[in-house]
Amino acid sequence: MNVRHEPDQVYEVLAALDRPCYIVRAGGRVGASGEPPGNGASVLTAAGPMPVARLGSSGFLHHHGVRYPYMAGAMAAGIASEELVIALARAGFLSSFGAAGLGPDRVERALLRLRHDIPGLPFAANLIHSPHLPQLERATVELYLRHQVRCVEASAFVQLTPDMVRYRLAGLHREPSGGIRVENRVIAKVSRSQVAELFLRPAPEAIVRDLLDRGLVSAEQTELARRVPMADDLTVEADSAGHTDRQPLLTALPSMLALRDRIARTAGYPVPVRVGAAGGIGTPQAALAAFNLGAAYIVTGSVNQSCLEAGTSPEVKTLLAAAGHGDYAMAPAADMFEAGAEVQVLRRGTLFPGRARLLHELYRTHRGLDELSVPDRLRLEQKILQRPVAEVWQETADYLARHHPDQLARAEHDQRHRMALIFRWYLGQSSRWAVSGERRRSGDFQVWCGPAMGAFNEWVAGSELSEPAHRRVADVAHHLLRGAAFHSRVAQLRFNGATIPPACASYRLPAAATAERSVPHEEGKAR
């Protein structure tokens with residue numbers, strides 16, 4: 001038996017997660033060992049092996065064909081890029097391509113590349129609810145069905161749409177054994193129980209009948225639809241980047257789990273809907289907290305945006321890597337500007353939050369641009385738009401004429417609506433400037449981000465992961481999960497009465513010189 005006493009030695013025993021850990025008293029001293037004690041020693045407490053796959057649900061792993069209970073969520077406008085999805089798929093993780101905000105041609109190019117570069121490996125693609133652009137949602141579903149995309153991450157839904165239901169039902173088949181084969185998997189991202197219930201129950205019969213009448217689903221699929229929920233997995237989104245209800249995970253996740261269990265008791269599904277956690281997960285301790293609350297898997301977002309593979313500019317990645325705990329603000333959202341909806345964005349290094357709030361204040365207090373004072377008009381054109389209002393309107397009108405002529409017609413008679421459209425031009429362009437790294441507009445970058453980014457930066461300080469040039473998305477995923485498993489072991493030993501010295505009780509990231517060799521990347525198909 002090899003009993004270790006020094007803090008670094010004890011840490012090595014604790015960090016050997018594939019082996020058991022014994023806290024031993026021998027020769028009047030307490031230490032740690034990876035082996036059962038021999039004569040003259042006594043075990044004070046012990047913990048079994050703690051592989052990271054045990055943290056969540058084995059059902060999630062088998063259902064999606066991955067090795068780890070971890071998902072990288074879809075960041076819109078291709079920020080969750082093909083490169084990011086490919087890197088994570090090859091390492092055994094599930095990742096969702098950020099299709100929201102992209103046109104069908106761009107999404108199709110991404111699907112073709114994913115099929116070519118990671119054939120047979122699992123991935124997801126985002127399907128965002130588009131109430132103002134139903135034709136875009138429909139075109140996206142058509143693409144996913146044509147290219148046999150077998151998993152979508154459904155987000156921003158406030159009600160189920162025929163296109164969402166069609167995707168789900170198109171993958172239903174009766175097996176020879178009499179069971180149901182569900183080929184099209186749905187991971188629904190929700191923050192409210194009313195929306196969660198829609199995905200926890202079967203598709204609404206009225207929508208199913210309409211799809212059947214239009215020949216978009218078969219009679220067999222219509223029958224099977226009554227026996228399966230709309231989603232395989234439900235991601236509870238707590239305080240997060242971009243659109244967020246800013247709910248605490250500590251209350252939101254248990255509430256959703258209780259809702260799932262109430263519905264499951266009466267629904268009789270052969271496999272219960274799994275519930276995962278997203279929002280605020282940027283450290284191993286946060287990941288472990290989510291698992292301890294009952295999460296079947298965790299979903300990360302902000303921290304991936306600062307990685308090499310993310311489809312955003314190097315300038316944005318540098319800003320993100322410097323963000324602290326409080327460097328975030330709420331700002332008006334481009335897609336629901338008139339309603340006053342907000343998104344959570346980075347505040348440090350950009351003037352966007354303040355400028356966006358000013359635009360909404362002007363919209364709230366004026367009936368049109370003609371009512372603006374001279375100073376407000378000058379500030380709008382010189383500081384925010386940095387172009388004459390007439391020029392911005394002409395560009396906006398040209399776009400509306402091609403894509404939304406009804407909006408253009410309304411703006412011709414409604415000056416307040418025209419003002420909103422001009423302000424929304426700035427809000428929409430600001431996120432594009434950030435993605436492309438438009439240096440001339442760096443002060444107007446809109447970067448969707450939440451406090452998890454600051455927590456992550458604090459955790460990785462002093463390691464090679466502190467530099468954006470060395471942040472690889474699979475490394476981040478591995479270390480978050482491995483760190484969570486490590487802290488789970490430490491917590492188990494402490495709950496059993498052991499005193500773990502602070503010097504060896506926190507997961508250690510590799511030093512800069514060895515960080516690139518620290519995490520083995522397993523290539524090939526995940527299980």
| Residue check: is residue 277 in contact with a strand residue (DSSP E or B) (Cβ under 7 Å, 6 or more places away or on another chain), over 24 Å from residue 488 (Cβ atoms) and not in a loop (DSSP other than H, G, I, E, B)? | no
| request: Select the strands (runs of 3 or more DSSP E) contained entirely in the range 155-271, then report the ones holding at least 2 residues which are in contact with a strand residue (DSSP E or B) (Cβ under 9 Å, 6 or more places away or on another chain) and surrounded by fewer than 20 Cβ atoms within 10 Å (Cβ to Cβ). | output: 172-174, 180-182
| task | Would you mind stating whether residue 130 is farther than 23 Å from residue 63 by Cβ and either crowded, with 17+ Cβ neighbours inside 10 Å or in contact with a Leu (Cβ under 8 Å, 6 or more places away or on another chain) (or both)? | result | yes
| task | With respect to residue 12, determine if the residue is assigned to a helix (DSSP H, G or I), farther than 30 Å from residue 301 by Cβ and of a type outside the set (Phe, Trp, Tyr). | result | yes
| said: Go through (1) at negative phi; (2) without any contact (Cβ under 8 Å) to a residue 40 or more places away in the chain; (3) surrounded by fewer than 17 Cβ atoms within 10 Å (Cβ to Cβ) for residue 347 and report which single condition fails. | reply: (3)
| request: Keeping to the range 69-96, report how many residues are in a loop (DSSP other than H, G, I, E, B) and under 20 Å from residue 52 (Cβ atoms). | output: 5
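Residue by residue, here is whether (1) within 21 Å of residue 182 (Cα to Cα); (2) at pLDDT below 95 holds:
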position: 100; (1), (2): no, yes
position: 114; (1), (2): no, no
position: 118; (1), (2): no, no
position: 121; (1), (2): yes, no
position: 133; (1), (2): no, yes
position: 137; (1), (2): no, yes
position: 145; (1), (2): yes, no
position: 149; (1), (2): yes, no
| Does residue 447 satisfy being under 25 Å from residue 298 (Cα atoms), touching a helix residue (DSSP H, G or I) at 6+ places or on another chain (Cβ under 9 Å) and among the aliphatic types (A, V, I, L, M)? | yes
| query | Has the range 174-181 got at least one residue that is within 25 Å of residue 276 (Cα to Cα) and free of Cβ contacts under 8 Å to residues at least 40 places away in the same chain? | reply | yes
| message | Within the range 388-478, considering only helices (runs of 4 or more DSSP H) that don't extend past its boundaries, which have at least 2 residues that are surrounded by 14 or more Cβ atoms within 10 Å (Cβ to Cβ) and in the same structural domain as residue 284 (by TED's automatic domain parsing)? | response | none
| note | residue 43 meets each of (1) aliphatic (A, V, I, L, M); (2) free of Cβ contacts under 8 Å to residues at least 40 places away in the same chain; (3) within 30 Å of residue 238 (Cβ to Cβ) with one exception, condition (3)
| note | Exactly one of 25, 90, 4 is surrounded by fewer than 17 Cβ atoms within 10 Å (Cβ to Cβ) and in contact (Cβ under 8 Å) with a residue 12 or more places away in the chain, and that one is 25
| remark: Scanning the range 347-366 for residues that are charged (D, E, K, R) and under 17 Å from residue 318 (Cβ atoms) gives 347, 348
| task | Just need a number here: residues in the range 287-310 that are touching a Gly at 6+ places or on another chain (Cβ under 6 Å), within 22 Å of residue 466 (Cα to Cα) and either at pLDDT 95 or above or outside the structural domain of residue 191 (by TED's automatic domain parsing) (or both). | result | 1
| field | Filter result (surrounded by 16 or more Cβ atoms within 10 Å (Cβ to Cβ), among the aliphatic types (A, V, I, L, M) and at pLDDT below 90) within the range 498-517 | value | 515
| task | Please indicate, with yes or no, whether at least one residue in the range 172-179 is closer than 30 Å to residue 238 by Cα and in contact with a helix residue (DSSP H, G or I) (Cβ under 7 Å, 6 or more places away or on another chain). | result | no
| Quick check: is even one residue across the range 119-138 among the polar types (S, T, N, Q) and assigned to a helix (DSSP H, G or I)? | yes
| query | Here are some conditions: (1) assigned to a loop (DSSP other than H, G, I, E, B); (2) small (Gly, Ala, Ser); (3) crowded, with 20+ Cβ neighbours inside 10 Å. Residue 356 meets all but one. Which one does it not meet? | reply | (1)
| task | Tell me, please, whether a residue that is touching a strand residue (DSSP E or B) at 6+ places or on another chain (Cβ under 6 Å), touching a residue at least 12 places away in the same chain (Cβ under 8 Å), farther than 23 Å from residue 251 by Cβ and β-branched (Val, Ile, Thr) can be found in the range 280-289. | result | no
| task | Being crowded, with 24+ Cβ neighbours inside 10 Å, touching a Ser or Thr at 6+ places or on another chain (Cβ under 7 Å) and part of a loop (DSSP other than H, G, I, E, B) is the filter here, so list the residues in the range 284-343 that pass it. | result | 296, 297, 301, 310
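The values are calculated or read from the model by the stated rules, or taken from the named source; none is laboratory data. This is a predicted model, so every value here is computed, not measured. Note that we place each Cβ from the backbone using ideal geometry, even for glycine, and neighbour counts take in every protein chain shown.
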